[in-house]
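Down below is the structure, laid out as structure tokens.
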Amino acid sequence: MDIFGKIKEKLSNEFIDIVEWLDYTDDTIAHRFERYQNEIKNGAKLIVREGQTAVFINEGQLADVFGPGTYDLTTQNLPILATLKGWKYGFNSPFKAEVYFVNTHLFTDEKWGTKSPITLSDDRFGLVEIRAFGTYAFKISDAGKFIKDIVGTDSNFTNFEINEHLKSLIATRFTNTVGQANLPIELYAANTTELSDTCREVMSPEFESVGISLEKFYIENVSMPEDLKKEIFEYSRIDKLDLDKLTKFKTAKAIEAAAQNEGGTAGAGMGMGMGFVLAQQMGGMMGGNAQAAPQQVAQPMGGAVPPPMPTPTMYYYASNGVQHGPVTFEQMQSLFASRTINRESLVWKQGMSAWTALKEVEELKSFLGGSTPPPLPTEKF
């Protein structure tokens, strides 16, 4: 370009008379209005669109801030800048000032996550580690403070530049919040909505201190190691189970397994005991109906009355140093089958002078499987 061309360019752009910024990006937060060695003309128009704020900086000092609208730049709408520049006799000459346009719309779907596992102390599982991630949304609430404290002299400030700072802030405050919540470990994943709201309340003042408003904060997932998940699931099942019913169920399964064992008299005795137990359970389940229905007893012919039924023998047994009973012979079989008692367990019944090991009581020896006769003798020729 020759000297005349430079003179023509200088004269044609001597003063800026329209100050505006059209944003063609989706990630710019702040943009400095660029001038090619030009001054802003007296009475120039400032156009601030919806979702924008214009901030005037004079020699590093925050001056005037404008929201959406069209303005004629005069001393009446630039009072702070007029004071800083010392315009005592009106605003009649061009001036130089840095103008920053700040996007004030909502920046959504910003990602956050814990870079390292968070260690928590749980009353049941001890020290455990969790991770979390989610999204958040923010917007600039105080453009002047944001320019002064965060942007500085950056001519084009994007959300990528602020996101790393915000994510570190979120991770720190999230760690503090879940640590102070002191919830059972399984409730962190089950109460993400309440935890999200609490974290947002805790973090909002930190964001506001630099001119940013934390509009939304979501915890999408709280994860933990797979082995810890299995422990929690098992603990939850046991906590909900009726232990008495569980013991009875396991006893019935043990008797059934013993009945299928064809290894001798013990298997047969246990099978018989299982039959008695099942019969008693069926009787208990149908007890209500049995009482409701009238009992029909066959009367013997000739009016003869049968003798009274023999009284079953009742046994007492010792388990873990505690006396239990009385129980019937069939119940003793069930206890032996379920390994609640064994051959060395002490038992007592009416007529015995002292507690005796089960293996020494004649009628209980059948539990031990020792009633099989010996082989026949071989004939000698």
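The values are calculated or read from the model by the stated rules, or taken from the named source; none is laboratory data. Source: prediction; values computed, not measured. Methodologically, a virtual Cβ is constructed for each residue, glycine included, from the backbone with ideal geometry; neighbour enumeration extends over all protein chains shown. Protein only, heavy atoms only, side chains kept; ligands, DNA and RNA dropped before computing areas. Shrake-Rupley method; radii C 1.70, N 1.55, O 1.52, S 1.80 Å.
Taking region 51-150, which chymotrypsin sites (Phe, Trp or Tyr not before Pro) meet the DSSP loop condition and have no more than 16 other C-beta atoms within 10 Å? Walk me through the intermediate numbers first.
Details: sites: PHE56, PHE66, TYR71, TRP87, TYR89, PHE91, PHE95, TYR100, PHE101, PHE107, TRP112, PHE125, PHE133, TYR136, PHE138, PHE146; in loops: TRP87, TYR89, PHE91, PHE125.
Here the chymotrypsin sites (Phe, Trp or Tyr not before Pro) that fit, given the DSSP loop and packing criteria, are TRP87, TYR89, PHE125.
Multiply the residue gap between VAL305 and ASP23 by 0.36 nm, knock off their C-alpha separation, and tell me the result in nm, one decimal place. Don't skip to the answer; put the middle values down first.
Working: separation 282, 0.36 × 282 = 101.52 nm, distance 10.97 nm.
Result for the pair: 90.5 nm of gain on full extension.
Given R0 = 41 Å, the distance between the Cβ atoms of THR83 and ASN176 translates into a calculated FRET efficiency of 0.40. Could you work out how far apart the two model spin labels at ARG49 and ASP227 are, taking each label as a point 7 Å from the Cα in the direction of the beta carbon, and quote it in nm? Using points 7 Å along Cα→Cβ, the separation is 5.7 nm. Between SER353 and LEU187, residue separation times 0.36 nm minus the direct Cα-Cα distance comes to 53.9 nm.
Based on the alpha-carbon set only, what is the convex hull volume of region 93-161 divided per residue, in Å³? Intermediate results must be reported in sequence, preceding the final value.
Working: hull volume 9.6 nm³, N = 69.
Hull volume over Cα atoms, normalised by residue count, gives 139 Å³.
Taking all protein chains together and a 1.4 Å probe, the residues ARG124, ARG32 rank ARG124, ARG32 from largest to smallest accessible area. The charge dipole of region 51-117, taken about its Cα centre with unit charges on the Cβ atoms of Lys, Arg (+1), Asp and Glu (-1) only, comes to about 160 debye. Remark: the HIS165-GLU129 segment gains 10.6 nm on full extension, using 0.36 nm per residue and subtracting the alpha carbon distance. Solvent-accessible surface of protein heavy atoms, probed at 1.4 angstrom with all chains present, puts TYR316, TYR218, TYR24, TYR188 in the order TYR24, TYR218, TYR316, TYR188, largest first.
Rounding to the nearest 20 debye, state how big the charge dipole of region 27-151 is about its Cα centre with +1 on each Lys and Arg Cβ and -1 on each Asp and Glu Cβ.
Result for region 27-151 is approximately 400 debye, rounded to the nearest 20.
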